1. How far apart, in nm, are the 7 Å Cα→Cβ label points at GLN35 and ARG88?
2. Mind giving me the nanometre distance, one decimal, between the label points for PHE23 and HIS62, set 7 Å out from Cα along Cα→Cβ?
3. Net charge near GLN108, counting Lys/Arg +1 and Asp/Glu -1 over other residues with Cβ under 11 Å of its Cβ?
4. Pop out the ³J(HN,Hα) list for region 39-56 in order, Karplus 6.51 cos²θ - 1.76 cosθ + 1.60 with θ = phi - 60°, rounded to Hz; leave Gly and Pro as x.
Amino acid sequence: MVARVRALLGRPALPTSAPAAGFLAIGRYRFDHPQQRLRLADGSQPEATLTHREAELLKRLHDQRNQVLTRTDVLRELWGDDSFFNGRSLDVFITRLRRYLRHDPQVQIVNVRGVGYKLLA
C-alpha cells in the first residue's frame, strides 16, 4: 500500500484544465470563434460579442498572423461578389476589431499601404 501511494505521489500532476476547443490565443486575448466572443484571458475587461463577419475576419487574420491579407482576397472571401460592399466596409470592420483589441498593446492590426492588413501578435 505504501508503495502505491509513493508511486502516485511521484507521478507528474495532471493539468488542471485542458485548453478549450475552439479558443484561439491572440496576445492576452482568448477568441472563441464558434461563439464569436473575445475576452482578455485575465477577465479584466468585459467580454465582447462579435458579429459573424467580425469573427470571420479576426479568424482569417489570426490564421495568417504576421502575414499580409490582401483587401481583395478578404472582400471576396467575406462578401463574395456583392458589389454593395466595398473597401470602406472592410475599413469599418477593421476599425471595430482594433477597438476590441485595444487593451493589449502587443496586438495590432496594421495597414500595409496599397495591399491589405496584417495582424501582429
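1. With each label placed 7 Å out from Cα toward Cβ, I get 3.6 nm.
2. 1.1 nm
3. Every neighbour counted, the sum reads +3.
4. 8, 6, 4, 7, x, 6, 10, x, 5, 9, 9, 8, 6, 4, 5, 4, 5, 5
Quick note: the coordinates plus some simple rules give every number you see, no bench work behind them. Please read all numbers here as calculations on a predicted model, not as lab measurements. Reconstructed Cβ throughout: ideal geometry from the backbone, glycine too, with neighbour counts over all protein chains shown.
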